[in-house]
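**Q** Below is one structure. I have some questions about it.
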Amino acid sequence: MTRNLNSGQDGASRCEYPLLEEFKNLWQDAHELWEKHRLAPAFEGYVSGDYAALYHALADLQGQAWTFLEWGSGLGVLTIMASRMGFEAYGIETEVTLIDHATDLAQQYGSEATFAQGSFIPEGFDISFSEEYEINRTVIDMPSGYDAIDMELRDFDVVYGFPWPEEHIFFRTIMKQCGNPETLFLSYDARDEVSLGRVSDL
């Protein structure tokens, strides 16, 4: 069963939520990068999630999960946050320009996050176009990025994805086919906010 989370603790003190003030600076830097480059082709499909809500979701998982993967990591904000919070954190992204920006931000914020170019769709996934799901914006004609990080989808304790509205079933199908049943799938939707569920319950 999945559960919805929200960002209602945005004003919490730094004492209660370590790194939150630092992360707010990271969020601002990422926003300024988007404002500066938003008309560039690499930023065409870039959309950020609710960083505050996602921060609290990760904070709740500290000590319960250790490996983290972000699908379509963009500017790498969530992957950087996860790394700084103690997760072994990876991001897979198709746009090399975004990876370059993410790598610069990771260095700026002392993060050991690892980013790889490629598709987050694992090799061997049955991507047949059935009526079960739609694929509108996700890049599907690029080699998988998992070899570059020497990991497989089933190796991760937490996987984060931000599906386009029509692609929720598609994302969940990937997790069911290729993920570990015990993996936690963290997702964001502009309408339903942040949800977290174990793959076996999706």
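**Q** What about PHE125, is it touching a Cys at 6+ places or on another chain (Cβ under 8 Å) and modelled with pLDDT under 95?
**A** Criteria met by PHE125.
**Q** Filter segment 138-168 down to the residues that are surrounded by fewer than 14 Cβ atoms within 10 Å (Cβ to Cβ) and either on the phi > 0 side of the Ramachandran plot or not in a loop (DSSP other than H, G, I, E, B) (or both) and list them by number. Full working, then the answer.
**A** Here is the first cut: in segment 138-168, the ones surrounded by fewer than 14 Cβ atoms within 10 Å (Cβ to Cβ) are 140-143, 147, 150, 165-166.
Matches in segment 138-168: ASP147, ASP150, PRO165, GLU166.
**Q** Let me ask something additional. Would a scan of segment 72-81 turn up a residue that is in a helix (DSSP H, G or I), among the polar types (S, T, N, Q) and under 20 Å from ASN180 (Cβ atoms)? Explain how you work it out, then say what you get.
**A** The initial filter retains those residues of segment 72-81 that are in a helix (DSSP H, G or I), namely 77-81.
With among the polar types (S, T, N, Q) added as a condition, the list becomes 79.
Still in the running and under 20 Å from ASN180 (Cβ atoms): 79.
Checked against the condition, which is being in a helix (DSSP H, G or I), among the polar types (S, T, N, Q) and under 20 Å from ASN180 (Cβ atoms), segment 72-81 yields at least one hit.
**Q** Now, a different point. Residues of segment 169-198 being within 25 Å of GLN117 (Cβ to Cβ) and not in a strand (DSSP E or B), which ones?
**A** Within segment 169-198, PHE170, PHE171, ARG172, THR173, ILE174, MET175, GLN177, CYS178, GLY179, ASN180, THR183 meet the criteria.
**Q** Quick one: count up the residues across segment 32-71 that are modelled with pLDDT of 95 or more and touching an Asp or Glu at 6+ places or on another chain (Cβ under 6 Å).
**A** Going through segment 32-71 one residue at a time, the tally reaches 3.
**Q** Then there is this: Quick check: anything in segment 43-51 more than 17 Å from ALA190 (Cβ to Cβ), within 14 Å of the chain's Cα centre (by Cα) and not in a loop (DSSP other than H, G, I, E, B)? Outline the logic, then answer.
**A** In the first step, residues of segment 43-51 are kept if they are more than 17 Å from ALA190 (Cβ to Cβ); the result is 43-44.
Applying the additional criterion that residues be within 14 Å of the chain's Cα centre (by Cα) yields none.
Scanning segment 43-51, I find no residue that is more than 17 Å from ALA190 (Cβ to Cβ), within 14 Å of the chain's Cα centre (by Cα) and not in a loop (DSSP other than H, G, I, E, B), so the answer is no.
**Q** Could you grab me the full set of residues in segment 82-100 that are assigned to a helix (DSSP H, G or I), surrounded by fewer than 24 Cβ atoms within 10 Å (Cβ to Cβ) and touching a residue at least 12 places away in the same chain (Cβ under 8 Å)? Break it down into steps so the answer makes sense when it comes.
**A** Our first condition is that a residue be assigned to a helix (DSSP H, G or I); within segment 82-100, this holds for 82-84, 96-100.
With surrounded by fewer than 24 Cβ atoms within 10 Å (Cβ to Cβ) added as a condition, the list becomes 83-84, 96-97, 99-100.
Those that are assigned to a helix (DSSP H, G or I), surrounded by fewer than 24 Cβ atoms within 10 Å (Cβ to Cβ) and touching a residue at least 12 places away in the same chain (Cβ under 8 Å): SER83, ARG84, VAL96, THR97, ILE99.
**Q** Given the condition in a strand (DSSP E or B) and surrounded by 17 or more Cβ atoms within 10 Å (Cβ to Cβ), answer yes or no: does some residue in segment 106-114 qualify? Write out each step before concluding.
**A** Here is the first cut: in segment 106-114, the residues in a strand (DSSP E or B) are 114.
In the following step, the residues that additionally are surrounded by 17 or more Cβ atoms within 10 Å (Cβ to Cβ) were identified as 114.
Yes: one or more hits.
**Q** It is to be established whether one or more residues within segment 20-29 are among the charged types (D, E, K, R), touching a residue at least 60 places away in the same chain (Cβ under 8 Å) and out of contact with any strand residue (DSSP E or B) (no Cβ under 7 Å at 6 or more places or on another chain). Talk me through it step by step, then tell me what you get.
**A** Looking only at segment 20-29, we keep the residues that are among the charged types (D, E, K, R), and these are 21-22, 24, 29.
Remaining after also requiring touching a residue at least 60 places away in the same chain (Cβ under 8 Å): 22, 29.
Going one step further and asking which of them are out of contact with any strand residue (DSSP E or B) (no Cβ under 7 Å at 6 or more places or on another chain), we end up with 22, 29.
Yes, the conditions are met somewhere in segment 20-29.
**Q** Out of ASP189, ASP141, ASP157, which single residue is within 21 Å of GLY63 (Cβ to Cβ) and not hydrophobic (A, V, I, L, M, F, W, C)?
**A** Values: ASP189 fails: within 21 Å of GLY63 (Cβ to Cβ); ASP141 fails: within 21 Å of GLY63 (Cβ to Cβ).
Of the residues listed, the single one that is within 21 Å of GLY63 (Cβ to Cβ) and not hydrophobic (A, V, I, L, M, F, W, C) is ASP157.
The values are calculated or read from the model by the stated rules, or taken from the named source; none is laboratory data. For clarity, every value in this text was computed on a predicted model and none was experimentally measured. As a convention, Cβ positions derive from the backbone with ideal geometry for all residues, glycine included, and neighbour counts pool all protein chains shown.
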